[in-house]
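What follows draws every value from the coordinates through simple rules; no lab data is involved. Only a predicted model underlies this, so the values are computations on that prediction, with no experimental measurement involved. Cβ: placed from backbone, ideal geometry, glycine included. Neighbour counts: every protein chain shown.
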Amino acid sequence: MKSIENPCGFTLIELLVVVLIIGILAAIALPQYQKAVDKSRVAEAVSLLDSLGKAEEIFYMGNGSYTQNMDDLDISLPKATGDTETMRNTKNFRFSTADTAAVSPATFIGKATPQWKYPGASLTLTLTATEGPQRTCEDPGATGFCKLMNTMGYTAASTGGNGGGNPFGPVHGGGSGR
């Protein structure tokens, strides 16, 4: 028999170890990647909801009242089939306004509801003529949606369970920090 002095290639065990290491790294990285994608989607919604609120404040300064009709505002939100003057759909969120004409003092309520996961969760921006904006995150199903909001200026609303799904308690909310 001839002995091999310079073996070329890898053994089956070496290849299996490499595949195992790649699998472990992928199992760790994929959830973190998904969390980063979700955060970017929520950041887009926060930005659009804050822009909607600023457009409402401009409308209020010019007219003395808030409007429920998004078409009256100085902002261009995308309009798709099935959208109405009080509701707009984007790829990831549904934006809507509430009828607050009979509420005193004058109030605007804008809501963003995720459409890709997190059933029942929502972001709400409330403006009144007498107070600064109030930003809340609701997560009645404790899906973890409000955990994504822990640095975006929204406070977890107390909707039973664990306070909106945020184990860290209230998060930088309210005030006039726009």
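Structure above, values below:
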| quantity | calculated |
| --- | --- |
| All-pairs Cα distance distribution in segment 1-128, expressed in whole percent, bin size 5 Å | 2, 9, 15, 15, 12, 8, 6, 5, 4, 4, 4, 4, 3, 3, 2, 2, 1, 1, 0, 0 |
| Potential extension, Arg94-Tyr33 segment - 0.36 nm per residue separation minus Cα distance | 19.6 nm |
| Net charge of Cβ neighbours under 14 Å - reference Trp116; Lys, Arg +1; Asp, Glu -1 | +4 |
| Reach of Lys91 by Cα under 29 Å, taken over lysines that are not fewer than 8 positions away in the same chain | Lys35, Lys39, Lys54, Lys79, Lys111, Lys117, Lys147 |
| Inter-label distance for Asn63 and Ala43, nm, one decimal - labels placed 7 Å from Cα along Cα-to-Cβ | 3.3 |
| Candidates per trypsin sites (Lys or Arg not before Pro) in segment 46-110, loop by DSSP, up to 14 other Cβ within 10 Å | Lys79, Lys91 |
